[in-house]
1. Exposure proxy check: 106, 93 ranked by fewest other beta carbons within 10 Å?
2. Using only DSSP helix segments of four residues or longer, with each worth -39500 (n - 2.57), what per-residue ellipticity at 222 nm results for the chain after dividing by its residue count and rounding to 500?
3. Mind pulling up the Rg/Rh value for segment 1-90? Radius of gyration and Kirkwood radius, both on Cα.
4. Mind giving me the nanometre distance, one decimal, between the label points for residue 86 and residue 100, set 7 Å out from Cα along Cα→Cβ?
5. Using +1 at the C-beta of Lys and Arg and -1 at the C-beta of Asp and Glu, which of 63, 19, 104 has the Cα lying farthest in the positive direction of the dipole of segment 1-104?
6. Report the trypsin sites (Lys or Arg not before Pro) located in segment 10-92 that are in a DSSP loop and have at most 15 other Cβ atoms inside 10 Å of their Cβ, or state none.
7. Would you mind ranking 40, 89 by Cβ crowding within 10 Å, fewest neighbours first?
8. Please arrange 28, 6 by how many other C-beta atoms lie within 10 Å of their C-beta, fewest to most.
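Laboratory data are not the source of any read-out in this text; all were calculated from the coordinates shown. Keep in mind that what you see is a predicted model, and the values were worked out from it rather than measured. All Cβ positions, even for glycine, are placed from backbone atoms using ideal geometry, and neighbour counts span all protein chains on display.
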Amino acid sequence: MIHLKTGQNPIQVFVDAIVNAAPREEITRVVYGGIAYPVSVDVSPLRRLDLAIRWITEGARQCSFNNPKPIEECLADEIIAAAQNDQKSYAIRKKDEMERVAASAR
């Protein structure tokens, strides 16, 4: 489906989607003196991959829920949107939100 819609190699489109959807920074809570502070930290490579794949699949699942559009078509649309760094992609929106919160916690 990805090849039919974009005319590109589907594996390369999937790799581009994961690279674009993977967050670089997130926050963690550090308890210091009984008070919890949010602290910005770098994301490990394996967690970046896990989060990107999770968000892509969640976006496809939300797209097909209570919708006659099949999950396969929603997944292809989500991967294509994430590969193009499009804001209509659920994964890209989640990444931007996480990095914005991490930037404010610096």
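1. So the ranking, lowest neighbour count to highest, is 106, 93.
2. That comes out to -19500 deg cm²/dmol.
3. With Rg and the Kirkwood Rh in hand, the quotient comes to 1.13.
4. The answer from the label model is 2.0 nm.
5. 104
6. Sparse-neighbourhood loop trypsin sites (Lys or Arg not before Pro): 24, 88.
7. The order, fewest Cβ neighbours first, is 40, 89.
8. 28, 6
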